[in-house]
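Colleague: Mind having a look at this structure? Questions to follow.
Each reported figure results from applying straightforward, stated rules to the coordinates on display, with no laboratory input. Everything numeric here is computed off the predicted structure, so don't read it as measured data. Cβ sites come from the backbone with ideal geometry, for glycine too, and all protein chains shown count toward neighbours.
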Amino acid sequence: MCDHLYETTSRYEAATKVLTFLLVCPTCRVEEVVETLEYEPNFAPLVTGVPTAAEGNVCDDDRAAARRAPDPELAVVDSEGRASPTPS
């Protein structure tokens, strides 16, 4: 191996279902295998499509933006009736 800084990368071979992690020298193009794993992706696409924030609790998180209502006490209204954030 050379003395340059290495980059990390990975490669997946679908035919053999092997995931390989490598160190690669971008200068010399030398590669060193760090580890190999047997791996098969487990992807199941959604039948109904991707939910949007407007549809509710997307992240299974009660704090999701879609569920939060703005607090009217946190807004300041100027002389023309426009709301702006409370100065900190």
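Colleague: Lys and Arg at +1, Asp and Glu at -1: add these up for the other residues within a Cβ distance under 12 Å of TYR12 and post the number.
Modeller: For residues surrounding TYR12, the net value is -1.
Colleague: Now for a separate question. What's the exposure ranking of PHE21, PHE43, going from fewest to most Cβ atoms within 10 Å?
Modeller: PHE43, PHE21
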